[in-house]
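> Before anything else, here's the structure in question.
The values are calculated or read from the model by the stated rules, or taken from the named source; none is laboratory data. Source: prediction; values computed, not measured. With ideal geometry, Cβ positions are generated from the backbone for all residues, glycine too; neighbour counts draw on all protein chains shown. Heavy atoms of the whole protein, side chains included, go into the accessibility calculation; ligands, DNA and RNA do not. Shrake-Rupley method; radii C 1.70, N 1.55, O 1.52, S 1.80 Å.
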Amino acid sequence: GDPGVGKTHLAHVAASSVAACRGEPVVVRFRPGGGDGLAAWCAALDGCVGTVVPVGVVAAFGRDVAVRLARLIPTIGERLPVALPDAAVDSDRTAVFDALAAFVERVCRDRVVVLDDVQWAGGTSHAFVSRLVDLGARVRIVATSRLPVPEEVRSCAAVAIALDGLLVDDIGRLLVDRGLVVDDLESIVRRTGGNPFLALVAAGGSASAGEDPVAATFLSLPATIVEVLGVAALAGRQVEPAVL
């Protein structure tokens, strides 16, 4: 769906409400220009070492897997009771993926993985997700993406849900919850396509944005800047001058 339509919020709500899960979601956030998406996976998993997964569990995977994991996830190497041998950079990507997949399956067996903004994840992360699927890993994954969804992600998705804008009544409740009062609600919904983020910006004026710091930041900007940012948010990182 479009930027601001609520993908991240809904993914977190869905991941947190899965009855079979007892822990908070493991959130992997991808960023534009963030380089190798596998690094985002490793950063998210690094925070789980020592809390969700005792180090002894890592050791039980065996020496080769532990060495590969320690190279990817620094906290593992720091917490293991024995020093791991130095090793050359592993050129076998499949072996690296399999080691990380074993760890992901153990960490996330009672949790959901949220992959946020996979359009920025990059080929290495896409290949790793494909490997997780090929291995039959017992992992629940919810991914969010702007359009178009990367084909590598779409091809292994069990369910794909396209998010449209909210209806007039829903936008009305959202604005009321944020302390915003508007005279022509239908006009705002029509202008923004029901996109909740853009509706907050359009309805802002001099009203308060409540507890939403992002909306508060945008509502304090001059209207001309908000218009340009709105176009950029919907059009993507590269915008033709004629469109702008």
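> With θ set to phi - 60° and the Karplus curve 6.51 cos²θ - 1.76 cosθ + 1.60, what are the ³J(HN,Hα) couplings of the range 136-149 in order, to the nearest whole Hz, using x for Gly and Pro?
x, 4, 7, 10, 8, 10, 10, 10, 10, 7, 6, 8, x, 6
> Now for a separate question. Evaluate the relative contact order of the chain (contact order divided by residue number), counting alpha-carbon pairs under 8 angstrom at least 6 apart; express in whole percent.
Once divided by the residue count of the chain, the mean separation gives 23 percent.
> Counting only residues 5 or more places away or on other chains, whose amide H sits under 5 Å from the amide H of Val53 once H atoms are built in the peptide plane?
So Val53 has HN proximity to no qualifying residue.
> List the residues, sorted by chain then number, that are 5 or more residues from Ile73 or on another chain and whose placed amide H is less than 5 Å from its amide H.
Residues meeting the amide H criterion: none.
> Which ³J(HN,Hα) values, rounded to whole Hz and listed in residue order, are derived for the range 111-116 from phi using the Karplus coefficients 6.51, -1.76 and 1.60 in 6.51 cos²θ - 1.76 cosθ + 1.60 with θ = phi - 60°, glycine and proline given as x?
9, 10, 8, 9, 9, 9
> What does the charge count near Ser17 come to, summing +1 for each Lys or Arg and -1 for each Asp or Glu among other residues with Cβ under 13 Å from its Cβ?
Charge balance near Ser17 sits at +2.
> Taking the Cα centre of the chain as the origin, how large is its charge dipole in debye, to the nearest 20, when only Lys and Arg (+1) and Asp and Glu (-1) carry charge on their Cβ atoms? Please report the intermediate quantities before stating the final value.
Working: 22 positive and 28 negative charges, 133 e Å.
Computed about the Cα centre, the dipole is about 640 debye.
> Using amide H atoms built 1.01 Å from N in the peptide plane, name the residues 5+ places from Val27, or on other chains, whose amide H lies under 5 Å from its own.
Val114
> In the chain, if every C-alpha pair distance is counted and binned at 10 Å from zero, what percent goes to each bin?
7, 26, 29, 20, 13, 5, 0
> Can you give me the accessible area per residue for the range 109-207, using a 1.4 Å probe, in Å²?
56 Å²
> Give a residue-ordered list of calculated ³J(HN,Hα) values for the range 95-109 (Karplus: 6.51 cos²θ - 1.76 cosθ + 1.60, θ = phi - 60°; whole Hz; x for Gly, Pro).
Per-residue couplings from phi come out as 5, 5, 4, 5, 5, 5, 5, 4, 5, 4, 5, 6, 5, 9, 5 Hz.
> Given the options Leu229, Ile76, Gly194, identify the residue whose Cα lies farthest towards the positive end of the charge dipole of the chain (+1 on Cβ of Lys, Arg; -1 on Cβ of Asp, Glu).
Ile76
> State the percentage of accessible surface on the chain attributable to carbon and sulfur atoms; use a 1.4 Å probe and exclude ligands, DNA and RNA.
54 percent
> First select every other residue whose beta carbon is under 11 angstrom from the beta carbon of Asp117; then total the charges, Lys and Arg +1, Asp and Glu -1.
Numbers: positive: Lys7, Arg29, Arg31, Arg146; negative: Asp116.
The answer is +3.
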